[in-house]
Amino acid sequence: MDPVFLSRLQFAAATMFHFLFVPLTLGLSLIIAYMETKYAKTGEEVYLKMTKFWGKLFLVNFALGVVTGITLEFQFGTNWSRYSEYVGDVFGSLLAIEASVAFFLESTFIGIWIFGWKKLSAKAHATVMWLVAGAGNLSAVWILLANGFMQHPVGYTINNGRAELVDFLAVITNKHGLLEIFHVVPASLLLAAFFIMGISAYHLLKKQHVEVFHKSFRMALVVGFVCSIFVAIEGDLHGTNVSATQPAKLAAMEAHWETTKRAPIILFAIPSEEQEKNLVEIGSIPGMLSLLGYHDFNAEVKGLRDFPKDERPPVLPTFIGFRTMVGLGTLMILLTSYGFILRRNKLLESPTYLKIMMFAIPAPYIAMESGWIVAEVGRQPWIVYGLMRTSQAASPIDGIQVLISLIAFILVYGLLGAVGYYLIVKFAKKGPEPETE
Amino acid sequence: MVLQSIWFFLWGLLWAVFFITDGFDFGVGTVYPFIGKTDTERRTMLNAIGPLWDGNEVWLLTAGGVTFAAFPKVYAVMFSSLYTPLMLILFALILRGVSFEFRSKIESDAWKKVWDTCFSVGSFLPALLFGVAFANIFQGIPFDDQGLYHGNTLKLLNPYGLLGGVLFVLLFIQHGANWLAIRTDGDLQQRAISITRKNWPILVAVAVIFLIASYFATPLYDNYFKNPVLFLIILVAVIALFATRIFSAKQAWFKAWFASAVTIMGCTFFGVAGLFPNLFPSSLDKAYNLTAFNASSSPLTLKIMLTVVVIFIPVVIAYQVWAYILFKDTVTKKDLELDDAY
């Protein structure tokens, strides 16, 4: 029972499960806050209906995001104690700041939002939602800065046998972390937009609650259109940064083995880590990888073979993850662009488009999970890039304990996920509640 | 030295605030299956803590996060040594958290029963295990200079450890019943009041046994004999414990709740003051003890974190107090009819 391997599995399972809920919380909270502000300002009933309908789905999702979030903090201590000891001076403070500055605000005000409908004025109640949304996204900022440190450690020195903070400003202005923030936060809005559009499409196809869902769809479409393009452009900047700071990850993302100038992008390949080459390659665009990585067709791109074997990330998941993310990202740009043309008055007459949008709900979910696979698997074998190896970071504990907790996580999370999505689907299909008063 | 000592105090304070705030949630959950007879009563209990429990739970994340940030080595050794009990607490908290949201979403008795069980077990278990864990920390945990744990999880359930667990459970029951006395009415309130009165003598007895047992099972009193002024902490806890019963008799529920909060604060600091400067003592050799001085972060991190905490924790307390005031009244039928009420 290798505790390192089991802990990696457990961390991957817990994090990916947590991240099924987080982006929707981040994006949807902002959109709901906007809807409720519209209601507070105009007094139009349709905005209240929208707020309450999307709010209900939001709350089920929120609950799952919150409870699975505690696991992540605990796991650094329980499963990655050597890591915690070694970089806690820098990393721990980011988590503690996240809790005291952002998570408190979000968790306290969500309670006020749920139970405060009759106790607060419409404007105050909408403001509470803005606080929830702002705090949630601020949480993401701190967590992504913490991840930014793992990807590209800055602002520390090795002292007393551990990484000690010397420059806090460098840590919170870490370019890698900032690029992650501007990638993940708009991507979350994009995910929420697809969630809204997909569910709205379901009702529009059935021609029910048309006013609520037509408005919701068009609102989400604007958000989705803008964010899909922004995420792609920002992703390009992110890519150039990765090629500068984590060249091995770039090479793995593209299954690029030989160091060459005018490096090509291969559309599809089956990489073999043993033979240090691609067994199959289909479709190659010369110079594209050089262009993407360094914004220069002729730039030299270092191949995997020129990295020591023990400094190469697993190639296949990184390669496939990157393709999935970019492919789905492109698809989402096309879908939202087409919708943007239809949006004025043709949406309701385009059932095929609505049907496609209904089935497109998983697209941003898969794209975001894939993105994290690229980021985290592509960083291996390092837990903190260039500073600490994942193999040195696990707790000195018995593997059997980890095995038991891993099985428990799979069972409990599987159950919660099933119940959570059952409820979300149930309320999504049910549509807005008729007014009780 | 000063900075590290301040952080030791803050570390204890954050744990104490977590025990006070989420403590009454745990207490409500523990008595939930016994005094909530009807569905309406059970929903009233859930909604009595409904707007507050989530914000309360963040004190745990902050206490954990601050342990990580200010004493990374303690965080590492404590969390990995106590792997199994912490995982149990974690699963309990997860199931408790979702049961609020899930329970009233489907009208089915079997469905509600599942989440009722998750809610009550998910409240009782953390109360018990935090008590067991802290009592074991007071005694010392078998880990070596490499942070390697040499114990057995079942040994955490030694008599003194269990005594600590029982004490926590009884404290939280008292505290939770006081909260229910504030926010409920009718039969449910009467049952909650009767719990505050029946639980109290048992709590007093266990607290006395715990104070005596601590003398024999732990080195906590060493600090007290060195600085007798510390005995004031015990005095405050005892006065607050009696005050909560007196206020209960006078039907001053909020004061009774405040007094039980002070009791919990006093009990936590009884341990924290006795531990100083140890955060996580080793039972194998005193030389392995993790203290505020040998396990802390760098002075820069401690200073930055202190700035953050000094600015933001008062802000947090301010808006949480506002939330408490907003939701201090009796839970009414109207509250239960809210779309998203639990």
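The values are calculated or read from the model by the stated rules, or taken from the named source; none is laboratory data. Nothing here was measured: the structure is a model prediction, and the numbers come from that model. Glycine also receives a Cβ, built like all others from the backbone with ideal geometry; neighbour counts cover every protein chain displayed.
Does B:I89 satisfy the condition of being facing another protein chain (nearest Cβ under 7 Å) and closer than 21 Å to A:F104 by Cα? Show your work before the answer.
Numbers: facing another protein chain (nearest Cβ under 7 Å): no; closer than 21 Å to A:F104 by Cα: yes.
Against the criterion (facing another protein chain (nearest Cβ under 7 Å) and closer than 21 Å to A:F104 by Cα), B:I89 does not qualify.
Every residue, every condition in (1) out of contact with any helix residue (DSSP H, G or I) (no Cβ under 7 Å at 6 or more places or on another chain); (2) of a type outside the set (V, I, T), yes or no:
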position: B:A237; (1), (2): no, yes
position: B:L241; (1), (2): no, yes
position: B:S260; (1), (2): no, yes
position: B:C267; (1), (2): no, yes
position: B:F270; (1), (2): no, yes
position: B:S283; (1), (2): no, yes
position: B:Y288; (1), (2): yes, yes
position: B:P299; (1), (2): no, yes
position: B:I311; (1), (2): yes, no
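Report, ordered by the first and then the second residue, all pairs with beta carbons closer than 9 Å, sequence separation of six or more or different chains, a first member in the stretch B:41-62 that is over 12 Å from B:R96 (Cβ atoms) and more than 7 Å from every other protein chain (Cβ to nearest Cβ), and a second member that is in a helix (DSSP H, G or I) and among the hydroxyl-bearing types (S, T, Y).
Cβ pairs passing all conditions: B:R42/B:Y32; B:M45/B:Y32; B:W59/B:T21.
Kindly check whether there is at least one residue in the stretch B:126-140 that is outside any helix (DSSP H, G or I) and farther than 20 Å from B:I89 by Cβ.
Kept after step one, since they are outside any helix (DSSP H, G or I), are these residues of the stretch B:126-140: B:140.
With the extra rule that they be farther than 20 Å from B:I89 by Cβ, the set shrinks to B:140.
Scanning the stretch B:126-140 turns up at least one residue that is outside any helix (DSSP H, G or I) and farther than 20 Å from B:I89 by Cβ.
List the pairs whose first member sits in the stretch A:27-53 and is of a type in the set (K, R), whose second member is part of a helix (DSSP H, G or I), and whose Cβ atoms are under 7 Å apart, counting only residues at least 6 apart or on separate chains?
A:K38/A:Y47; A:K49/A:V212
Would you be able to tell me the number of residues in the stretch A:89-128 that are touching a residue at least 60 places away in the same chain (Cβ under 8 Å) and at the interface with chain B (Cβ under 7 Å from one of its Cβ atoms)?
Adding up the residues that qualify gives 2.
Taking B:K37, is it facing chain A (nearest Cβ under 8 Å), over 20 Å from the mean Cα position of the chain (by Cα) and either touching a residue at least 60 places away in the same chain (Cβ under 8 Å) or farther than 25 Å from B:F134 by Cα (or both)?
Numbers: facing chain A (nearest Cβ under 8 Å): no; over 20 Å from the mean Cα position of the chain (by Cα): yes; either touching a residue at least 60 places away in the same chain (Cβ under 8 Å) or farther than 25 Å from B:F134 by Cα (or both): yes.
Against the criterion (facing chain A (nearest Cβ under 8 Å), over 20 Å from the mean Cα position of the chain (by Cα) and either touching a residue at least 60 places away in the same chain (Cβ under 8 Å) or farther than 25 Å from B:F134 by Cα (or both)), B:K37 does not qualify.
At the interface with chain A (Cβ under 7 Å from one of its Cβ atoms) and at pLDDT 95 or above: does that describe B:F18? Even if it seems obvious, please write down each step before you answer.
Values: at the interface with chain A (Cβ under 7 Å from one of its Cβ atoms): no; at pLDDT 95 or above: yes.
No, not satisfied.
Could you tell me which of the residues B:S99, B:S108 is surrounded by fewer than 18 Cβ atoms within 10 Å (Cβ to Cβ) and either within 13 Å of chain A (Cβ to nearest Cβ) or within 21 Å of A:S405 (Cβ to Cβ) (or both)? Spell out how you get there, then give the answer.
Values: B:S99 fails: surrounded by fewer than 18 Cβ atoms within 10 Å (Cβ to Cβ).
It is B:S108.
Condition (residue is within 20 Å of B:I49 (Cβ to Cβ), of a type outside the set (V, I, T) and part of a helix (DSSP H, G or I)) applied to the stretch A:53-60: is it met by at least one residue?
Residues of the stretch A:53-60 within 20 Å of B:I49 (Cβ to Cβ): A:59-60.
In the following step, the residues that additionally are of a type outside the set (V, I, T) were identified as A:59.
Within this subset, residues satisfying the condition of being part of a helix (DSSP H, G or I) are A:59.
Checking the stretch A:53-60: at least one residue is within 20 Å of B:I49 (Cβ to Cβ), of a type outside the set (V, I, T) and part of a helix (DSSP H, G or I).
Is there any pair with a first residue in the stretch B:208-226 that is free of Cβ contacts under 8 Å to residues at least 24 places away in the same chain and more than 18 Å from B:K286 (Cβ to Cβ) and a second that is surrounded by 13 or more Cβ atoms within 10 Å (Cβ to Cβ) and among the aromatic types (F, W, Y) whose Cβ atoms are under 7 Å apart and which are 6 or more apart or on different chains, and what are they?
Taking only residues 6 or more apart or on different chains, the pairs are B:Y215/B:Y221.
For the stretch A:36-51, how many residues are surrounded by fewer than 24 Cβ atoms within 10 Å (Cβ to Cβ), at negative phi and in contact with a helix residue (DSSP H, G or I) (Cβ under 9 Å, 6 or more places away or on another chain)? Break it down stepwise before answering.
Going residue by residue through the stretch A:36-51, those that are surrounded by fewer than 24 Cβ atoms within 10 Å (Cβ to Cβ) are A:37-49.
Remaining after also requiring at negative phi: A:37-42, A:44-49.
Of the ones still in play, those that are also in contact with a helix residue (DSSP H, G or I) (Cβ under 9 Å, 6 or more places away or on another chain) are A:37-41, A:44-49.
Residues in the stretch A:36-51 being surrounded by fewer than 24 Cβ atoms within 10 Å (Cβ to Cβ), at negative phi and in contact with a helix residue (DSSP H, G or I) (Cβ under 9 Å, 6 or more places away or on another chain): 11 in total.
Taking the conditions exactly as written (buried (at least 22 other Cβ atoms within 10 Å of the Cβ) and within 18 Å of the chain's Cα centre (by Cα)), does B:V74 satisfy them or not?
Details: buried (at least 22 other Cβ atoms within 10 Å of the Cβ): yes; within 18 Å of the chain's Cα centre (by Cα): no.
It is false that B:V74 is buried (at least 22 other Cβ atoms within 10 Å of the Cβ) and within 18 Å of the chain's Cα centre (by Cα).
Return the only residue of A:F319, A:F297, A:F340 being over 30 Å from A:K215 (Cα atoms), of a type in the set (F, W, Y) and surrounded by 15 or more Cβ atoms within 10 Å (Cβ to Cβ). Steps first, please.
Working: A:F297 fails: surrounded by 15 or more Cβ atoms within 10 Å (Cβ to Cβ); A:F340 fails: over 30 Å from A:K215 (Cα atoms).
When all the criteria are applied, what remains is A:F319.
Name every residue in the stretch A:114-135 that is at pLDDT 95 or above and either buried (at least 22 other Cβ atoms within 10 Å of the Cβ) or within 23 Å of the chain's Cα centre (by Cα) (or both), in order of residue number.
A:A126, A:M129, A:W130, A:L131, A:V132, A:A133, A:G134, A:A135
Mind checking whether some residue in the stretch B:173-181 is crowded, with 22+ Cβ neighbours inside 10 Å, aromatic (F, W, Y), assigned to a helix (DSSP H, G or I) and modelled with pLDDT of 95 or more? Lay out the reasoning, then the answer.
Filtering the stretch B:173-181 for residues crowded, with 22+ Cβ neighbours inside 10 Å gives B:173-181.
Of the ones still in play, those that are also aromatic (F, W, Y) are B:179.
Retained after the next criterion (residues that are assigned to a helix (DSSP H, G or I)): B:179.
Checking which are modelled with pLDDT of 95 or more leaves us with B:179.
So far as the stretch B:173-181 goes, yes, one or more of its residues are crowded, with 22+ Cβ neighbours inside 10 Å, aromatic (F, W, Y), assigned to a helix (DSSP H, G or I) and modelled with pLDDT of 95 or more.
Can you say whether A:I366 is β-branched (V, I, T), part of a helix (DSSP H, G or I) and within 21 Å of A:A14 (Cβ to Cβ), as far as the supplied structure shows? Before you say what the answer is, go through the steps one by one.
Values: β-branched (V, I, T): yes; part of a helix (DSSP H, G or I): yes; within 21 Å of A:A14 (Cβ to Cβ): yes.
For A:I366, the condition - β-branched (V, I, T), part of a helix (DSSP H, G or I) and within 21 Å of A:A14 (Cβ to Cβ) - is met.
How many residues, within the stretch B:295-328, are more than 19 Å from B:D22 (Cα to Cα) and touching a residue at least 24 places away in the same chain (Cβ under 8 Å)?
Summing the residues that are more than 19 Å from B:D22 (Cα to Cα) and touching a residue at least 24 places away in the same chain (Cβ under 8 Å) in the stretch B:295-328 gives 10.
Criterion first (surrounded by fewer than 23 Cβ atoms within 10 Å (Cβ to Cβ), without any contact (Cβ under 8 Å) to a residue 12 or more places away in the chain and more than 30 Å from B:P51 (Cα to Cα)) does B:L163 satisfy it?
Details: surrounded by fewer than 23 Cβ atoms within 10 Å (Cβ to Cβ): yes; without any contact (Cβ under 8 Å) to a residue 12 or more places away in the chain: no; more than 30 Å from B:P51 (Cα to Cα): yes.
When the stated conditions are applied, B:L163 does not pass them.
Could you please let me know if B:L284 is more than 10 Å from chain A (Cβ to nearest Cβ), surrounded by fewer than 23 Cβ atoms within 10 Å (Cβ to Cβ) and not in a helix (DSSP H, G or I)? Spell out the reasoning first.
On the way: more than 10 Å from chain A (Cβ to nearest Cβ): yes; surrounded by fewer than 23 Cβ atoms within 10 Å (Cβ to Cβ): yes; not in a helix (DSSP H, G or I): yes.
Yes, satisfied.
Confirm whether B:F79 is aromatic (F, W, Y) and surrounded by fewer than 23 Cβ atoms within 10 Å (Cβ to Cβ).
Working: aromatic (F, W, Y): yes; surrounded by fewer than 23 Cβ atoms within 10 Å (Cβ to Cβ): no.
The answer is no for B:F79.
Can you pull out the residues in the stretch A:404-437 that are touching a residue at least 24 places away in the same chain (Cβ under 8 Å), of a type in the set (G, A, S) and at the interface with another protein chain (Cβ under 8 Å from one of its Cβ atoms)?
Those that are touching a residue at least 24 places away in the same chain (Cβ under 8 Å), of a type in the set (G, A, S) and at the interface with another protein chain (Cβ under 8 Å from one of its Cβ atoms): A:S405, A:G420.
Here's the yes/no breakdown for (1) more than 25 Å from A:E376 (Cβ to Cβ); (2) within 11 Å of another protein chain (Cβ to nearest Cβ):
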position	(1), (2)
A:L131	yes, yes
A:W142	no, yes
A:Q151	no, no
A:L169	yes, yes
A:N174	no, no
A:L190	no, no
A:M197	yes, no
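What's the number of the only condition in (1) touching a residue at least 60 places away in the same chain (Cβ under 8 Å); (2) assigned to a loop (DSSP other than H, G, I, E, B); (3) not basic (K, R) that A:E258 fails to meet?
Just one mismatch for A:E258, condition (1).
Does the stretch A:363-378 include one or more residues that are under 30 Å from A:E180 (Cβ atoms), modelled with pLDDT under 95 and aromatic (F, W, Y)?
no
Can you run down the residue pairs with Cβ atoms below 8 Å, 6 or more apart or on separate chains, where the first is in the stretch A:341-369 and without any contact (Cβ under 8 Å) to a residue 24 or more places away in the chain and the partner is not in a helix (DSSP H, G or I)?
A:L342/A:S350
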